[in-house]
Amino acid sequence: MIRRATTLLLTFGLVLAGTACSPQDNGTSTAEDLAKALGSHTVGELSFDKPAADVQKELTGLSESIGAVWPTVSVAGVAITDDTARVSLDYSWAIPNVAKPWTYTTGADMKRNGNDWTIAWTPEMVEPKLAAGDRFKLTTTHGVRAGILAADGEEIVKERPVKIVGINKDGLSDAEAETSAKALAALIDIDPEAYAAKVKAYGPVAFVDAITLRAEAFAALDPAKLDAVKGVLVTSATQPLAPSRTFAQALLGSVHEATAEDIEKSKGKVVAGQVVGSGGLQASFDAQLAGTPGVTISAVAATTATPATSTPTASTATNDAGIPADAASPPAKTLFSVDPTDGKDVKTTLLTGLQSAAEDALAEVKTPSSIVVMRPSTGAILASANGPDSAGYNTAFLGQYAPGSTFKIATSLGLLRQGMTPSSTVNCTPQFTADGKKFFNAPGYAPEATGEISLTTAVAHSCNTAFVSQFENLSQEKLADAAGALGIGMENDLGLAAFTGSVPRDSAGTEHAASMIGQGKVQVSPLNMATMMSTVVKGSAVVPRLVDGYDGKAKAAEGAALTAKEAADLRTLMRAVVTEGYLNILGELPGPGAIGKTGTAEYGNDVPPRTHSWVIAAQGDIAVAVFVEDGDLGAVTGGPLAKTILAAAAGK
């Protein structure tokens, strides 16, 4: 009896132990597992009232139909009645380009099955309006892309007519399509092999675009040669374009239909068919210009969906469910919708007439070049042109060059701060040796402007040796401070990348001496020099502006600010450059007296060295910087260009 009783107690203990290891789920654990399964669209080990494989297939179909967009799911509550439970599920969809998530609550029914629960599968637990077989459909719509405006509010970039030229493969054999592709490519000057490969990759009846041309560019093509290409097709369209192909190209940028790379980089914010900005303001202000896309998520009956790859050609064509394509089908059910918002214009400070004049002035320059025009009173950039040999590069904003003798204005400011005046005497000799290096004046330097001369004459005739001779009296740090007071090295966000200049503070010996005449390691952009000229004209710091109302959060460079007295003295020096120096060509301009400074900066290792040509000038409330990468003396190359632009700015 004792032995039997022990056996019974042991058996009872095992039963209790088994019960303790497998506690009865009150529904909460299964509900949490269900929420995780729905959020990951993977059913895992859950038990349903139909085969799990069927549930998984349905969930996979729903998730694949909506791409990368899928909600997070959480349990809102579990209500249990005897052996049944009702689970409340909260859904939250983070939809690209939609500020607030799409949220709603669904329900799922469960029935107790021993210690576990069996879930009654229904698509309504994913979204209340879904029916069996439905699929999600996400549709993106776009508002009107806004324009880039000139200072007067007129659109610079707007819809303009274009011609799309390509090959229509319908009716062509593969060999004919290849022949036509290469012939067309040769006619419009694109890569024949690349275009032929593109044509080959398209379907047998596709139209394969080769190039999009402005109306004037298309009109320049030989119509007879174009018509001779078998299968050639020209369609008309519009695109957001500037007045000309080159108009402020580096500033404005361009637009194009989103590529696969654009879509991937955007992480869902850009979709196929969307127009996006490329370079310039079109890219940096893309979000503002594009506005906010509209999004609609709907439920579409799977039996009415035609596969994307099918191309029905007859009225009896059927869809993937075998139902006639023209049979009545249930309408799509809208589940969520947000309307698109149109983009907002970007208003620039550019004057279209002056921009065109600057580009025309550089049209024949056979080296990278630029002209920047500013209004000193406001800092507005009125024009920023790059010559054709800049090849699309924004030389005006991004170029980093030695400023040569134009930098003598900064050096002059440093000397004024050391106690000099425009009438102070400096010594201009044929050569000067600084720390073992010989410095010379430019070839053809006027002999009458040598010896003991005033600082004004030294600036007017650009005497190198007079300025280099002061290198021990003006430290590199104080020279950098003077340059900073004229805007070189300031921090300022224009809405586009721009180089704001650099004057090292640690240059010594020969390098410091060279800095006195804008050589050494001194680097500026044409924009910097237009800013310096503007600051001298205004008499206080000028912050360049390109986009109206855009806060560049400007921060001045190191050093004391320019004073009105200092600016007046600098204007006196620069007026002498016109009245008695190398920029006498500007004295021919009617109106207020022009001021300016020439510059020729040596660079490279050629003998004789190659030279950058610079001119900075101003008349009234207009300041201009002219730069030519490979030019003659500043007055020779840049002087006429400066005169042309100042005259254009005055309406002459």
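The values are calculated or read from the model by the stated rules, or taken from the named source; none is laboratory data. Quick caveat: nothing in here was measured; it's all calculated off a predicted structure. Reconstructed Cβ throughout: ideal geometry from the backbone, glycine too, with neighbour counts over all protein chains shown. Please note that ligands, DNA and RNA were not included when accessible areas were found on the heavy atoms of the full protein model with its side chains. Shrake-Rupley method; radii C 1.70, N 1.55, O 1.52, S 1.80 Å.
Checking each residue in segment 96-126 for being open to solvent by 10 Å² or more (accessible area, probe 1.4 Å), assigned to a loop (DSSP other than H, G, I, E, B) and either in contact with an Asp or Glu (Cβ under 9 Å, 6 or more places away or on another chain) or on the phi < 0 side of the Ramachandran plot (or both) picks out Pro96, Val98, Ala99, Lys100, Pro101, Asn115, Trp121, Thr122. Restricting attention to segment 553-568 and to residues that are charged (D, E, K, R) and either open to solvent by 80 Å² or more (accessible area, probe 1.4 Å) or free of Cβ contacts under 8 Å to residues at least 40 places away in the same chain (or both), the residue that is nearest to Gly484 (Cα to Cα) turns out to be Glu558.
Considering segment 170-189 alone, what residues qualify as being in a loop (DSSP other than H, G, I, E, B), open to solvent by 50 Å² or more (accessible area, probe 1.4 Å) and either in contact with a Lys or Arg (Cβ under 8 Å, 6 or more places away or on another chain) or of a type outside the set (S, T, N, Q) (or both)?
Of everything in segment 170-189, those that are in a loop (DSSP other than H, G, I, E, B), open to solvent by 50 Å² or more (accessible area, probe 1.4 Å) and either in contact with a Lys or Arg (Cβ under 8 Å, 6 or more places away or on another chain) or of a type outside the set (S, T, N, Q) (or both) turn out to be Asp170, Gly171, Asp189.
In segment 209-266, the qualifying residues are those that are in contact (Cβ under 8 Å) with a residue 40 or more places away in the chain, assigned to a strand (DSSP E or B) and small (Gly, Ala, Ser), and the one that is most open to solvent (accessible area, probe 1.4 Å) is Ser236. If you filter segment 34-44 down to residues that are surrounded by fewer than 19 Cβ atoms within 10 Å (Cβ to Cβ) and in contact (Cβ under 8 Å) with a residue 12 or more places away in the chain, you find that the one that is nearest to Trp117 (Cα to Cα) is Lys36.
Looking only at residues of segment 76-92 that are on the phi < 0 side of the Ramachandran plot and acidic (Asp, Glu), we find that the one that is modelled with the highest pLDDT is Asp90. Screening Ala328 with (1) open to solvent by 60 Å² or more (accessible area, probe 1.4 Å); (2) modelled with pLDDT of 95 or more gives one miss only, at (2).
Scanning segment 600-618 for any residue that is open to solvent by less than 50 Å² (accessible area, probe 1.4 Å), over 15 Å from His461 (Cβ atoms) and acidic (Asp, Glu) turns up nothing.
Output yes when any residue across segment 574-594 is farther than 27 Å from Ser423 by Cα and either at pLDDT below 95 or not polar (S, T, N, Q) (or both), and no when none is. Among the residues of segment 574-594, at least one is farther than 27 Å from Ser423 by Cα and either at pLDDT below 95 or not polar (S, T, N, Q) (or both), which makes the answer yes. Restricted to segment 85-144, and to residues that are of a type in the set (Ser, Thr, Tyr) and without any contact (Cβ under 8 Å) to a residue 24 or more places away in the chain, which residue is farthest from Gly44 (Cα to Cα)? Only one residue fits best here, namely Thr103.
Which of the residues belonging to segment 494-540 are in a loop (DSSP other than H, G, I, E, B) and surrounded by fewer than 17 Cβ atoms within 10 Å (Cβ to Cβ)? Within segment 494-540, Ala497, Arg505, Asp506, Ala508, Lys521, Ser540 meet the criteria. The residue that is surrounded by the most Cβ atoms within 10 Å (Cβ to Cβ), among those in segment 147-164 that are hydrophobic (A, V, I, L, M, F, W, C) and more than 18 Å from Ala380 (Cα to Cα), is Val157. Of the strands (runs of 3 or more DSSP E) that lie entirely inside segment 353-445, those containing 3 or more residues that are of a type outside the set (A, V, I, L, M, F, W, C) and within 30 Å of Ala151 (Cβ to Cβ) span 369-375.
Being over 23 Å from Asn394 (Cα atoms) and part of a strand (DSSP E or B) holds for only one residue in Gly587, Gly559, Gly596, and it is Gly596.
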